[in-house]
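Visitor: One structure follows; several queries about it will come next.
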Amino acid sequence: MSFLKTNVNLRLAGLSNAVHHADVVALTKLSCLVLPHEHSALLQPESIWSAEKSLETCSPVEHILHLEPIEVDTFQGITLPDAPKFGHVFGGQLVGQALAAVSKSVDCLKVVHSSHAYFLLAGDVNIPIIYKVKRLRDGKSFATRKVDAIQKGNVIFTLLASFQKEELGFQHQEVPMPSVPTPDELLSMEELREQRLTDPRLPRTYRNKVATAKFIPWPIEIRFCEPSPSTNQTKSPPSLKFWFRAKGKLSDDEALHRCVAAFTADLVSVHASMNPHRQRGLKIDVMSLDHSMWFHRPIRADDWVLFVIFSPTAFNARGFVTGQMFNQKGELLISFFQEGLGRKRIPKRSATNSKL
């Protein structure tokens, strides 16, 4: 093994003339930047919060989750024109951006291992979202953060996350990955859309709506292992399985990959709890109420990940779902719990039917 003798410069932030020179023996070139602790959140690595990245140089979902630092522990996110939205800010965007915000406030050696969030108010897609991070605890191995997403002075979303420094320990896995078709054997969302245009199981009005609606590609590539909630017009088991991966190449930042997984987890999970109640012509409005994740192992979100969802119960208009994410090796990466609101859509009365 060869060694490299080099000169190392240590420069203190804010002190342009304070440079310490030292001859050291290292295996490779060594560069160090020392920042005061209270300003460490403003460090911009080549990741989801890098101001230098653009849509042409990063994955679409990475662009959606981008945050601009305003001051220490305060960030701003926006809803891009091509981001998923359903009349309001998509819940996965709130989770992903909030998780990015808290990740910026911790030691880079610590990564999130659990997060718990509540959706409080619908977000407005036309105005920025301010994320205010509160540092609750910084320990040797663990750190805890809380973040509020704010619009018009109101907290619309709140998330609590715990971070851990990597360490050796016991490990086991008792949950096997289910046997499902490989991603290459399944249709993409774009191919499914084309299939819906001629699917006789779907009402003609729905097929016409699909044909005329503006199609916005998802930033996540999804391949359903079974009929998707959009095509399933009959009662079915309260479960769902699909492969997913981010479109494009993501930065090599573990925090980003966990943010993308959190973003994806909110896409269609609660819909699994509606499967036993589906019927032709029935329209159901679904909204996320909360969102909890446990990150067991490192995840590569731009490689295929299997998401297995099951709803053990629904009651009082609330559907409860559990989820597990596996890599192609069958390793359990993430566990997921969520509760959502599911209500039968009531048609609006016309003015001629009004009793007023």
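Visitor: Give, in nm to one decimal, the length gained when the segment between LEU121 and ASN316 is fully stretched (0.36 nm per residue of separation minus the Cα-Cα distance). Write down the numbers at each step before the final one.
Guide: Values: separation 195, 0.36 × 195 = 70.20 nm, distance 1.98 nm.
Net length gain for the segment: 68.2 nm.
Visitor: With a cut-off of 14 Å, note down the residues of region 267-308 whose backbone N falls inside the zone around a label point 7 Å from the Cα of LYS235 toward its beta carbon.
Guide: 274-280, by backbone N distance to the label point.
Visitor: Obtain the nm distance between the two label points defined at HIS88 and PHE142 by a simple spin-label model: each point lies 7 Å from its Cα along the Cα-to-C-beta direction.
Guide: In this crude label model, HIS88 to PHE142 measures out at 3.3 nm.
Visitor: Just list whichever of LYS110/LYS132; LYS152/LYS283; LYS241/LYS329; LYS104/LYS146; LYS247/LYS329 have alpha carbons separated by over 24 Å in the model shown. Let's see the in-between values first.
Guide: Numbers: LYS110/LYS132 20 Å; LYS152/LYS283 31 Å; LYS241/LYS329 16 Å; LYS104/LYS146 12 Å; LYS247/LYS329 21 Å.
Those over the limit are LYS152/LYS283.
Visitor: Let me ask another. Can you list which of the chymotrypsin sites (Phe, Trp or Tyr not before Pro) found in region 144-185 are DSSP loop residues with at most 15 other C-beta atoms within 10 Å?
Guide: Details: sites: PHE157, PHE163, PHE170; in loops: PHE170.
For chymotrypsin sites (Phe, Trp or Tyr not before Pro) across region 144-185 that sit outside H, G, I, E and B with at most 15 neighbouring Cβ atoms in 10 Å, the list reads PHE170.
Visitor: Now a separate question. Which net charge results when you count Lys and Arg as +1 and Asp and Glu as -1 among the other residues whose beta-carbon is under 14 Å from that of VAL260? Kindly include the intermediate steps, with their values, before the conclusion.
Guide: Details: positive: ARG245, LYS247, LYS249, ARG258, ARG300; negative: GLU62, GLU221, ASP252, ASP253, GLU254, ASP266, ASP302, ASP303.
Overall, the nearby charge balance is -3.
Throughout, read-outs are computed from the coordinates displayed, never taken from laboratory work. Worth saying up front: this structure is predicted, and the values here are computed from it rather than measured. So basically every Cβ, Gly included, is an ideal-geometry build from the backbone, and we count neighbours across all protein chains shown.
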